[in-house]
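Colleague: I'd like to ask you about the structure that follows.
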Amino acid sequence: MPGNWGIKKGRAMDVKRLKALIEKKRGQMAADMMEMSRIPAVNPRMGGGGEYARMQWIMRWFDRRQIPYEVYEIPDQKVQEGVRLNVVATVPGTGEEDRSLWFISHVDTVGPGDADAWETDPFTPVEKDGRIYGLGCEDNSQSVITTMAACEVLFEEHIRIGRNIRFCYVSDEETGSEFGIKALIGKGLFGPGDEAIVPDGGSADGSFVEIAEKSQVWLKFTVNGRTSHAAMPHLGINACYIGMKFGAELEDALKTRFDREDPLFNPPGSTFELTQKFANVQSPNVMPGKDSFCMDMRVLPGDPVDEVMDYIYGLIGRYEKQYPGIAIEVEFLTRTDAPAPTPQQSQVVINLVEAIRETGTEAYSGGIGGGTCGAILRAEKIPAAVWATLDDRCHAPNEYVVVDNMVRDAGIYLSVIARYGAQGTEE
Ligand SMILES: [Zn+2]
């Protein structure tokens, strides 16, 4: 456990006052955002050099305030430094040290994408009209800066609650978290009594708390027949005809078979959509011997992906029997099985929803896309709420963060912590 917080125990948590202290940090938060965003942190598996330098900036920031933290180095030959860093600052609990409330932020970014689509240099942040533009400003620097500010207020005010409060800055979220949150889970950092807030998704009015997600599967089908001249079809097997027929029947059949709805989600049902289609032959008079296409599926938790796949294999079998000589291959381009949702009655969801309501915004919890550290924690049975106030500009040119949202979110995190304090064993 990190060093001495120099605590004066029993300091009451006056949320109004804490929010006023955060408001005073508005300028500092904006300046920190500008400074940090100048340090590239593109994920090494997306063509960048990684987040090492940005992690060091975070460490220096905590050093200057004498806020203790731990560093977890995970070896990765893909980066120049040979390791990926993960930083955890802990406000130790006052009686429930076996439980932690986590704030998880990721420090890596995606690449800038189409550079021409950016109106400013993605690596030179620009502040304009209450926004800061730059690569990663929203995803996930907003969370990095807001949680650091919240941590600083707790430190300056000598505030502790029953459980530990842990501010966690992870690497490698954008390409699977092997060197980030998954490695920290592997080191046993998370316990069964833990809960987490992951500020890596949300809505513009800050009303949406994500507690669930669908399974995400991308399938590539390849129908193998036999090429021939289109005027001599009896000499071949038309893979295009069979592929189109199979694809359309598959989509209809899946929509009928897996038609359950869950109001927690938007849209409420599973989705099955034929998407990408690959080029086959070069000429209109050639009957294709091969036909390839993709399907995007988002499946409600409760309908296991294996069950959906069994159904698909069944239809493939029927087609292969009906059209002798063909073979239909199916390949997973991506597969993430949805974990069980975070219960709506878990303390982290209740406290977060109440803290948002306190600002005059009616909050609601539900499910969407997923793919954050929240999903990985849910799979470990750790209740995780994905929430922030943002315009959803992630992975898009001209990404920006709204400075007002940073102030608002940091205040709400402190309000959530105060709610735990009121429930916990604070002296
Ligand atoms: Zn993110």
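Colleague: Could you look at region 1-156 and say what percent of its accessible area is carbon and sulfur, using a 1.4 Å probe and all protein chains?
Modeller: The computed percentage sits at 47.
Colleague: Next up: Within a Cβ distance under 11 Å of Trp61, other residues only, what is the Lys/Arg minus Asp/Glu net charge?
Modeller: Charge balance near Trp61 sits at 0.
Colleague: If contacts are Cα pairs under 8 angstrom and at least 6 residues apart, what is the relative contact order of the chain in percent?
Modeller: About 24 percent, as a whole number.
Colleague: Ok, one more. Tell me, Kirkwood radius of region 215-336 from alpha-carbon pair distances, in Å?
Modeller: In region 215-336 this quantity evaluates to 15.3 Å.
Colleague: How big is region 163-223 along each principal axis, measuring the range of its Cα positions in Å and listing the largest first?
Modeller: 56, 35, 21 Å, listed from the longest principal axis down.
Colleague: Let me ask something additional. Residues of the chain: accessible area per residue at 1.4 Å, in Å²?
Modeller: Accessible surface, normalised per residue, equals 42 Å².
Colleague: Would you mind pulling out the separation of the Cα centroids of region 59-78 and region 14-39, in Å?
Modeller: If we compute the Cα centre of each part, the gap is 20 Å.
Colleague: Go through 306-319, 137-150 and give me the packing order, highest mean Cβ count within 10 Å leading.
Modeller: 137-150, 306-319
Colleague: Based on alpha-carbon centroids, what's the gap between region 183-253 and region 109-135 in Å, whole number please?
Modeller: So the separation of the two Cα centres works out to 30 Å.
Colleague: Shifting gears a bit: Show me 172-181, 228-237, 347-356, 277-286 ranked by packing, highest mean number of other Cβ atoms within 10 Å first.
Modeller: 172-181, 347-356, 228-237, 277-286
Colleague: Please identify the DSSP H helices in the chain that span no less than 24 Å along the helix axis (Cα) and have a mean Kyte-Doolittle hydropathy of -1.0 or more.
Modeller: 239-257, 305-322, 403-423
Colleague: How far, in nm, would the chain grow between Lys245 and Val286 when pulled straight, counting 0.36 nm per residue and subtracting the alpha carbon separation?
Modeller: Gain in length upon complete extension: 12.9 nm.
Colleague: Could you calculate, for the chain, the ratio of the Cα radius of gyration to the Kirkwood radius, expressed as Rg to Rh?
Modeller: 1.06
Colleague: Another one. Say the cut-off is 19 Å between C-alpha atoms; which of Lys245/Lys321; Lys220/Lys245; Lys220/Lys290; Lys16/Lys128; Lys182/Lys220 go over it?
Modeller: From Lys245/Lys321; Lys220/Lys245; Lys220/Lys290; Lys16/Lys128; Lys182/Lys220, over 19 Å: Lys16/Lys128; Lys182/Lys220.
Colleague: Let me ask something else. At 222 nm, what value in deg cm²/dmol follows for the chain if DSSP H runs of at least 4 each add -39500 (n - 2.57) and the sum is divided by all its residues, to the nearest 500?
Modeller: Taking each H run of at least 4 residues, the total per residue is -10000 deg cm²/dmol.
Colleague: What shape does region 57-187 have by the C-alpha gyration tensor, where a ≥ b ≥ c are the square roots of the eigenvalues, rounded means a/c under 1.5, and otherwise prolate means a/b greater than b/c and oblate the rest?
Modeller: In terms of gyration-tensor shape, oblate.
The values are calculated or read from the model by the stated rules, or taken from the named source; none is laboratory data. Keep in mind that this is a model prediction, so the values were computed, not measured. Glycine also receives a Cβ, built like all others from the backbone with ideal geometry; neighbour counts cover every protein chain displayed. Ligands, DNA and RNA are stripped out before the accessible areas are found, and what is left, the full protein with its side chains, is counted by its heavy atoms. Shrake-Rupley method; radii C 1.70, N 1.55, O 1.52, S 1.80 Å.
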